[in-house]
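The values are calculated or read from the model by the stated rules, or taken from the named source; none is laboratory data. Fair warning: this is a prediction, and the values are worked out from it, not measured in the lab. Every residue, glycine among them, receives a Cβ derived from its backbone with ideal geometry; neighbour counts consider all protein chains shown. The area values use the complete protein model at the heavy-atom level, side chains included, leaving out ligands, DNA and RNA. Shrake-Rupley method; radii C 1.70, N 1.55, O 1.52, S 1.80 Å.
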Amino acid sequence: MAQATANEQNLTKKVWTLATTLAGQGIGFTDYITQLTYLLFLKMDDENVKMFGEDSAIPEGYRWEDLTNLDGLDLVKQYENAVLGVDTVAEIFSYQTLIGTIYTKAQNKIDKPVYLKKVITLINGESWLVMDGDVKGAIYESILEKNGQDKKSGAGQYFTPRSLI
């Protein structure tokens, strides 16, 4: 149990540190959560294919592996294509799946390749699909807490503290 708590704290710290770094570059905590979510769906789809042999819900060319093998502006362009999940307007209308719904009106807010690569590297270093939901919840809550402390965003606190849960 102590090992799981240490891993949770370590991962939460990594995610927080990256959130702070991105905030210093003008990417707000809310945008970071959104981008993290988009990327996590791609990563967990990849894990679902590799671990359980399921079919990917992501069209070829937009999958996790397509991102992890790129750098620089190629990475940013590929990520923008991946979060849209389409190349043309015609594909938007034929892409009526849960993943398509999640990515509806998605936008890339991490336009600097070095920071996008850092987020992808952080995500790639973990197995998210099999991770306990409490760990993912703690990470999400920690970023929301950080966002609540951000006076510039005017976000205020809008999360339930763990002590009340």
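When Tyr140, Tyr62 are compared by accessible surface with a 1.4 Å probe, the order from highest to lowest is Tyr140, Tyr62. Shown are Glu60, Glu145, Glu47, whose ranking by accessible area with a 1.4 Å probe and every protein chain present, most to least, is Glu60, Glu145, Glu47. Net length available on complete extension from Thr21 to Asn7 is 2.9 nm, with 0.36 nm assigned per residue and the Cα-Cα distance removed. The alpha-carbon atoms of the stretch 33-81 define a convex hull whose volume equals 74 cubic angstrom per residue. Using the 1.4 Å probe convention, the accessible area of the stretch 24-79 works out to 50 Å² per residue with neighbouring protein chains retained. Scalar couplings 3J(HN,Hα) for the stretch 11-24, obtained by applying the Karplus form with A = 6.51, B = -1.76, C = 1.60 to θ = phi - 60°, are 5, 4, 4, 4, 5, 5, 4, 5, 4, 5, 4, 5, 4, x Hz; x denotes Gly and Pro.
Please list, or write none, the aspartates and glutamates whose alpha carbon is within less than 13 Å of the alpha carbon of Lys112, excluding same-chain residues fewer than 8 places away. The qualifying aspartates and glutamates are Asp71, Asp74, Glu80. The simple Förster model, with R0 at 41 Å and r as the Cβ-Cβ distance, assigns Lys50 and Lys77 a FRET efficiency of 0.95.
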